[in-house]
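Undergrad: What follows is a single structure, and I will ask about it in a moment.
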Amino acid sequence: MADDKSYYDYTPSVAAAAIFIIIFLILVVIHILRLIKTRTWFCIPFIIGGLFEVFGYVGRALGKSKPSTLGPYIMQALLILLAPILFAASIYMFLGRIIRAAGTTSYSIVRPTWLTKIFVGGDILCFLVQAAGGGILSGADTKKSQDLGKGVILAGLCLQMVIFAFFLVVAAIWHIRMNKNGNKAGDQRFDWSKFLKMLYIVSIIITIRNLFRVIEYAMGEEGYLLANEWPIYVFDAALMAIVLSICCFWYVGDVTKQFSHEDSDRYEMMTDPRLPR
C-alpha cells in the first residue's frame with residue numbers, strides 16, 4: 001500500500017475529485033432549476049443522489065491529505081456507492097408516468113400504480129442492504145468482519161441488478177406491445193418513444209456501473225479495481241455524470257406546452273406524485 005496506515009492503496013487524486021465535484025454540482029443546480037420550473041417532484045431523488053456524489057468526491061479529495069482518517073474514507077465509500085440507487089428510484093417512477101401519459105396502462109404486465117411500489121420498494125431494500133454492508137465494513141477490525149461487510153454490499157449490488165433486469169423486462173414488454181398496437185390506442189401527440197429510449201440508455205449505463213461494482217467487490221482488496229483509482233472515475237463517476245446529464249431532459253412538464261390547457265391536464269399526471277389508479 002502507499003502508506004501502511006492509509007485506507008487507500010494509492011494516493012487519491014485531488015484534481016480528479018475536484019473535476020467531478022464541479023461537474024456534479026453543476027448538474028445538481030440544473031436539476032434543481034428544472035424541478036422548480038416543472039414541479040416534477042418524482043425527480044427529487046436525482047438531486048439527492050447528485051448531492052451524494054458531490055460530498056462523496058469531497059471525501060475522496062480529503063483522502064490525499066487524510067488517508068488514514070476513517071471519516072472521509074467512509075463518507076466517499078458510502079455516498080458514491082449509494083447514489084445510483086437514488087437515481088434508480090426516479091427511473092422506476094418515470095416508467096409508470098410514461099405508460100400513463102401514453103394512455104395504455106393495459107399494455108403493462110405490472111399496473112403502473114404497483115410498478116412504482118414494487119421497484120421503489122426493492123430500491124429501498126437495496127439501499128438498506130448496501131448501507132448496512134458499508135456500516136459493517138466501516139467498523140470492521142478483523143478480516144472476518146471485513147469480508148462480511150463486503151459480502152453484504154455485494155449481495156445488495158446483485159439484488160439491485162436483478163431488480164433492474166426485471167424492470168427492463170417490464171419496460172421492454174410494454175414497448176413491444178406499443179409498437180404492435182400503438183396506433184390503435186393511446187395519445188399519438190405524446191412522444192413516449194423518445195422518453196423510453198432515454199430510460200433504456202440510463203438503465204444500461206447504471207447496469208454497467210453496478211456490474212463494475214460487483215466485480216470490484218468480488219475481486220477484493222487485492223484486486224486490480226480496488227488497488228487503482230482510475231476505474232472508479234471511468235466506470236462510476238463518469239457514467240453517473242452521463243446519467244444525470246441525460247436525466248436533465250426528464251422534467252416532462254415541458255411536454256404539456258404543445259397541448260391546450262384542457263388537454264394538458266392528463267399529461268400533468270407525469271409530474272403529479274398523487275397519480276390516480
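Throughout, read-outs are computed from the coordinates displayed, never taken from laboratory work. What you are looking at is a predicted structure, and each value in this text was computed from that prediction instead of being measured. Reconstructed Cβ throughout: ideal geometry from the backbone, glycine too, with neighbour counts over all protein chains shown.
Undergrad: Can you compute the charge dipole magnitude of region 14-270 about its Cα centre, using +1 on each Lys and Arg Cβ and -1 on each Asp and Glu Cβ, nothing else charged? Give it in debye, rounded to the nearest 20.
TA: Rounded to the nearest 20 debye, it is 480 debye.
Undergrad: Which residue, LEU148, MET219, ILE85, has the largest displacement toward the positive end of the dipole of the chain when charges sit on each Cβ (Lys, Arg +1; Asp, Glu -1)?
TA: My answer, from the dipole projection, is ILE85.
Undergrad: Sequence gap at least 6, Cα distance under 8 Å: using those rules, report the relative contact order of the chain to the nearest whole percent.
TA: 23 percent
Undergrad: Using θ = phi - 60° and the Karplus relation 6.51 cos²θ - 1.76 cosθ + 1.60, list the HN-Hα couplings for region 167-175 in order, rounded to whole Hz, with x at every Gly or Pro.
TA: Couplings: 4, 5, 5, 4, 5, 5, 5, 4, 4 Hz.
Undergrad: If I histogram all Cα-Cα distances within the chain using bins 10 Å wide from 0, what percent of pairs lands in each bin?
TA: All Cα pairs considered, the percentages come to 6, 28, 32, 19, 10, 4, 0.
Undergrad: What is the mean projected area of the alpha carbon convex hull for region 90-144, to one decimal in square nanometres?
TA: With every direction weighted equally, the projected area is 4.8 nm².
Undergrad: Sticking with this one: Give me the extension gain from LYS37 to LYS117: residue separation times 0.36 nm, minus the current Cα-Cα distance, reported in nm with one decimal.
TA: So the chain would gain 26.2 nm between LYS37 and LYS117.
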